[in-house]
Every structure is written in C-alpha cells, then in structure tokens.
Amino acid sequence: MAAYPGHGAALYEERRNTLELDNINLLYVTLTRAIEQLYVFTTPSSVIKEEGPTKFNQLFTAFLKAHHDYNETSSIVTIGSPNRYVSRTAPHSEKTVAPSYPVHFPEEHDLVIVSRDASLWGTEAAAAISIGNLLHDTMSKVKTHEDVEIVFEEMGHRSVVPPTQIDLLLQQVKEIVTHPELEHLYAAGQAQVITERDIITQEGELMRPDRLNIYTNNSVSLVDYKTGSPLESHAFQLQSYASALEAMQFEVAEKLLVYISETGILVNKL
C-alpha cells in the first residue's frame, strides 16, 4: 500500500502507527494490573533490527539497555524494591464462599470437531500435517542463512516444540538453505524477501506464496514448500502465483517447488 499512488503512503503510515499504539496500549494494561509486584517472563532478545523493536521481548530489552544496567548474561532483572506491602495488612474477616462449577462430560454434548479432515486426528497423517505446518511457520521466519540460528534459539527458549522434533526440523531447514539449487536464495543482501504475504489478484482471488525473492531488476524468484508427495496441483498452484506476479509487472525468473521429507530435499523447477 505504501507504494500506491496518491495517499497510499500516508494511509500505510497511519495504519502502522495505529497498530503500534494498540499494542503499546495492550502492554500498558498488562503491566498495570499488579497490586503488589509484577513479574514479567520473556525470552531474551540479542538482535534488534534497524527499524527498532518489533516484538515485546525486543521492546523490554531495548528499555533495559537504555534505562538500567543491563547484563545480557543475567537471566533476572529487578527494578524497584522486592518488599511487599499489601500483604502486611490485617486479613479480611469476611467469609469466602467457593462457587460451584457444574461439570458436563464431552459425550453429553452433541459436538463435532471440524478440521480439514476430522478423520485424520490421532493418525500418522495428522502428525505429518502438524510437522508440515511447523516447517512452513519456521521457514517463513528464515529469510537468510543468518536467521536460522536466531529462529531456533528463540524456539528453544519458548520450549513449545519437543527437542527431538526441533533437531529434525533444524536438520531439514539447514538442508534447504544449503541446498545447491537453493542456497543463493538465502544469501543476505541479495534481494528483498517476502514470506507468507497475501496477494490479491485483479479477479479478487487471494493467494499466499511461501516465499518471494524480489531483485532490483524487478525479477522474482518464487518458492513454495511442500511436505507431501509431488502432485500436479502443486505445479498448477505455483503457476497461478507466477501469473499473478506477472500481472503486477514482475518478471518471474524462477519457479521452485521444494519438497521436504526425512529422506532429503527435492527441488522441482517449473
């Protein structure tokens, strides 16, 4: 939108400022609910991009560096006095009554969980879908070789993925970014990289390519990641992305389908 003629840049900046203010307001509400003491748990952030903090943990790090003696090797930062005050007051004499919570078992409700394919839950196919989604989410954050270490360091701090699964995921990501037919795409400073960004076609159709490398000569490398077996529909989908980009006056230099499995990486060039 910032590149649209007319008021596009102003609308983009206004929207960005509004979102930033909304997030700061949310943080303000969160940090002002405590009565006695506030404890903030966050993952460390050693890298802050030139445009400034883009995540709350980066904002906390920037604040500590600017206003307090911040030691990156310390995992705890204390601001203010640890003494408690409210808890010293006399206890209330009112009688507390615990509310009752009626319990209804799931089988008493005529509910059905709807998914892409509800019959897959609890099967190997469901596990494959989960791994595929995790891989796509991870690769959306990896724009250059240097991002791999940062992304997995943050993933390790968050502890939301089992270590064994992280090891396999890290192996697959490294195989992608070092693959002879792909490594040029992940070189820093070679292109503007856009991941998981919606494209609205002239017909109003919504598309979301996994990765675009946009070069200064207006050419584009188009990449889509797949975790299943090669299908004709994959090639058709990638071609539809290319057609949308060509309608936007880009020259599509590369169209790559990257298939990832435990046995290795397969690159199909269209």
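The values are calculated or read from the model by the stated rules, or taken from the named source; none is laboratory data. Just so it is clear, the structure is predicted and the values come from calculations on it, not from any experiment. Neighbour counts run over all protein chains shown; Cβ positions are idealised from the backbone, glycine included. Calculation scope for accessible area: heavy atoms of the full protein, side chains included, ligands and nucleic acids excluded. Shrake-Rupley method; radii C 1.70, N 1.55, O 1.52, S 1.80 Å.
On full extension of the chain, what length is gained from LEU19 through GLU153, given 0.36 nm per residue of separation minus the C-alpha to C-alpha distance?
45.5 nm
Positive end of the charge dipole of the chain (Lys, Arg +1 and Asp, Glu -1 on Cβ, about the Cα centre): tell me which of THR138, GLY52, LEU266 has its Cα farthest that way.
Toward the positive end, the furthest listed residue is GLY52.
Among ALA191, HIS68, VAL220, flag the residue with its Cα farthest along the positive direction of the charge dipole of the chain, charges on Cβ as +1 for Lys/Arg and -1 for Asp/Glu.
HIS68
Output the relative contact order of the range 156-270, whole-number percent, from Cα pairs under 8 angstrom with separation of 6+ residues.
That works out to 21 percent.
Put a dot 7 Å past each Cα toward the Cβ at THR201 and ALA188; how far apart are the dots in nm?
Each label point lies 7 Å from its Cα, and together they span 3.8 nm.
Place the peptides 215-226, 238-249, 189-200 in order of packing, highest mean first, counting for every residue the other Cβ atoms within 10 Å and averaging per peptide.
Order by mean packing, descending: 215-226, 238-249, 189-200.
Given LYS65/LYS143; LYS65/LYS226; LYS55/LYS269, which pairs have Cα atoms separated by over 31 Å?
From LYS65/LYS143; LYS65/LYS226; LYS55/LYS269, over 31 Å: LYS65/LYS226; LYS55/LYS269.
How many percent of all Cα-Cα pairs in the range 161-268 sit more than 25 Å apart?
24
Which shape class applies to the range 165-216: rounded if a/c is under 1.5, otherwise prolate when a/b exceeds b/c and oblate if not, where a ≥ b ≥ c are the square roots of the Cα gyration tensor eigenvalues?
oblate
Give me the extension gain from GLN171 to LYS55: residue separation times 0.36 nm, minus the current Cα-Cα distance, reported in nm with one decimal.
Result for the pair: 39.1 nm of gain on full extension.
How high is the relative contact order of the chain, in percent, counting Cα pairs under 8 Å that sit 6 or more residues apart?
Relative contact order here is 10 percent.
For the chain, with only Lys/Arg (+1) and Asp/Glu (-1) charged at the beta-carbon, what is the dipole magnitude about the Cα centre, in debye rounded to 20?
840
Just the number please: accessible area per residue for the range 165-210, 1.4 Å probe, all protein chains included, in Å².
58
Treating cross-link reach as a plain straight distance, find the aspartates and glutamates whose alpha-carbon is under 12 Å from the alpha-carbon of LYS174, omitting any fewer than eight places away in the same chain.
GLU146, ASP147, GLU149, GLU183
At a Förster distance of 51 Å, what's the computed FRET efficiency of HIS7 paired with LYS95, Cβ-Cβ distance as r, to 0.05?
Once the sixth-power term is evaluated, E becomes 0.25.
Any idea what diffusion coefficient the chain gets from Stokes-Einstein, in µm²/s, Kirkwood Rh on alpha carbon pairs, 25 °C, 0.890 mPa s?
105
Please identify every one of the GluC sites (Glu not before Pro) in the range 1-72 that sits in a loop by DSSP and has no more than 13 other beta carbons within 10 Å of its own beta carbon.
Those satisfying the criteria are GLU36, GLU50, GLU51, GLU72.
The range 1-79: which trypsin sites (Lys or Arg not before Pro) are DSSP loop and have at most 16 other beta-carbon atoms within 10 angstrom?
When the trypsin sites (Lys or Arg not before Pro) of the range 1-79 are filtered for loop state and at most 16 Cβ neighbours within 10 Å, ARG33, LYS49, LYS55 remain.
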